[in-house]
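Since the structure comes first, as structure tokens, the remarks are kept for the end.
Each value in this text was obtained by applying a stated rule to the coordinates, not by laboratory testing. These figures come from a predicted structure and were not determined experimentally. Don't worry about glycine lacking a Cβ; one is built from the backbone with ideal geometry, like all the others, and counts go over all protein chains shown.
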Amino acid sequence: MGESTQPRSFQFIRPHFHSFACLMMKKLVILSALAIAVSAPAARAQRSSQRSGPIELGIDGGVSFLFASPTLTHVALPVQDFRLGYFLNEKAEIEPRFNINSLHANGGGVTTYGLEVGLLLLPHGDRVGNGIYLRPFAGVTGISVTGGGSTNSGNAGVGVGVKLPFADRRLATRREANYVRDFDNGGMNEIGVLIGLSFFTR
């Protein structure tokens, strides 16, 4: 049999080049698979974020008048409630809010709390709810006194307000007038005004 006419240097390099090429192909396949595995969840998350609305974080201060005997006035400025809003779509936003206040002295103390869930109806259908809104809500308030027990009552009401976005629509002021019906002690009526600030996650 005749000898190969290829140079001896090429005969030496060819098997090493073949091994190197196979190794590189394997690395490319592995890297491609990893890239697909990493990018797929990110793409799904991006599509999901594009479909859903932003989260609204906010604080409110307010003044309320409870028509009892005598009439009680409650002033809480600059902060009365903390709220968290989640947009179901461009025309509806579910919004829980809460507050807690505690005063302690000489071994005694008083703690008050409130928890409320509302549904903001946004007729303009804006991404961050720009404009007028209607907010029906229901909640519970309570008070606990050290050594004196605790009590709570339910309530329901409705608010009418307006959102005014600014700072490239990442922030907004909120102004609201509301009516609350407290169900304890035969029922009492309350009207209030809220002024707040909102931050949108995107």
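How far apart, in nm, are two points set 7 Å out from the Cα along the Cα-to-Cβ line at Ser102 and at Arg175?
It is 3.6 nm.
For the range 55-200, with only Lys/Arg (+1) and Asp/Glu (-1) charged at the beta-carbon, what is the dipole magnitude about the Cα centre, in debye rounded to 20? Present the calculation step by step, with values, prior to reporting the outcome.
Details: 11 positive and 13 negative charges, 53 e Å.
About 260 debye.
Considering amide H positions built from the backbone, and no H for Pro or chain starts, which residues 5 or more places from Ile55, or on another chain, come under 5 Å of its amide H?
Thr201, Arg202
Quick one: which of 120-133, 61-74 comes out on top by average Cβ neighbours within 10 Å, and what's the full order, highest first? Can you show the working numbers first?
Working: 120-133: 17.5, 61-74: 12.5.
Per-residue mean Cβ counts within 10 Å order the peptides as 120-133, 61-74.
How much length is gained on full extension from Ile191 to Phe82, taking 0.36 nm per residue of separation minus their Cα-Cα distance?
37.3 nm
What nm value, rounded to one decimal, do you get for the distance between Thr112 and Leu57 when each label is placed 7 Å out toward the C-beta?
2.7
Compute the FRET efficiency between Leu66 and Phe166 as 1/(1 + (r/R0)^6), taking r as their Cβ-Cβ distance and R0 = 35 Å, and round to the nearest 0.05.
0.60
Of the peptides 170-176, 98-104, how do they stack up when ordered by the mean number of other Cβ atoms within 10 Å, highest first? Before the final figure, lay out the partial values.
Details: 170-176: 17.0, 98-104: 12.0.
Highest-to-lowest ranking by the protection proxy: 170-176, 98-104.
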